[in-house]
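Coordinate-derived values only; no laboratory data. Quick caveat, the model's predicted, so the values are computed rather than measured. For neighbour counting, all protein chains shown are included, and Cβ atoms are generated from backbone atoms with ideal geometry for every residue, glycine included.
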Amino acid sequence: MLKWLWLSIVVVALDQASKFWATAELQYAIPVKVMSSLNWFLAHNTGAAFSFLSEAGGWQRWFFVGLASIVSIVIVIWLKGLPRDQKWLALSLALILGGAIGNVVDRAMHGYVVDFIQFYYVAESCLPGFYFSGTQCNWPAFNIADMAIVGGAIIMILEGLFGLKGKDND
């Protein structure tokens, strides 16, 4: 099932290209409205999801690089050993792997992950998970690697709950 690594490579390429674009074209922390409820918003995340450990003093950079590297190796070994009929699980692992590598490249190169996509809604108070800024509630900024990780996790959960199988047409 290592044939699924092509998807991981595509995720890394799209992620890194989009982060290059965001860094070159956007001003840090200045939202650019794309459409109702969606901004381009350049942010640097030195922590993990939702900026967890972002104020930890710097040690977290190499901790997250090491952790993501170990997880990536485990995913490749897992993929290699998957039976051919486990296409949904292979898809989920390839997405998670591509996202993990995309973010680890940022951490190793810059010491932070480049985020640039932000959802928001206008309100006087915010739902949990959103933070208030002026007149709008903002979801923390994220990137393509994050979307691949979340998408892969959702597919993995669905596969685990419903035992999805894919026919091998090779």
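Things worth noting here:
- Note on TYR112 and LYS3: the extension gain reaches 36.2 nm, defined as 0.36 nm multiplied by sequence separation minus the Cα-Cα distance.
- Using C-alpha pairs below 8 Å separated by at least 6 residues, the relative contact order for the chain is 30 percent.
- Counted residue by residue at 0.36 nm each, then reduced by the alpha carbon distance between them, the extension gain from ALA17 to SER37 reaches 4.8 nm.
- Euclidean distance of C-alpha centroids, the range 13-30 and the range 70-88, integer Å: 30 Å
- Residues whose amide H falls under 5 Å from that of LEU38, counting only those 5 or more places apart or on a different chain, are TYR120, with hydrogens built in the peptide plane.
- Using the alpha carbons alone, the radius of gyration of the chain stands to its Kirkwood radius in an Rg to Rh ratio of 1.02.
- Mean-square fluctuations from a GNM of the chain, with a 10 angstrom spring cutoff on Cα atoms, peak among MET156, MET147, MET35 at MET35.
- Helix 144-162 axis, angle to the chain major axis (alpha carbon atoms, nearest 10°): 50 degrees
- Longest segment of the chain lacking trypsin sites (Lys or Arg not before Pro) that sit in a DSSP loop with at most 16 other Cβ atoms within 10 Å: 1-83
- Potential lengthening of the chain between LYS80 and ILE154 amounts to 24.5 nm, from the contour at 0.36 nm per residue minus the alpha-carbon distance.
- Cα→Cβ-extended label distance, 7 Å offset, between ALA29 and SER69, nm: 3.1 nm
- Rounded to 5, percent antiparallel among DSSP beta bridges of the chain: 95 percent
- Gaussian network model of the chain, springs between alpha carbon atoms under 10 Å - residue of SER92, SER69, SER36 with greatest fluctuation: SER36
- Total lysine pairs under 24 Å (Cα atoms) in the chain, excluding pairs fewer than 8 apart on one chain: 9
- Helix axis angle, 5-25 relative to the chain longest principal axis, alpha carbon, degrees: 10 degrees
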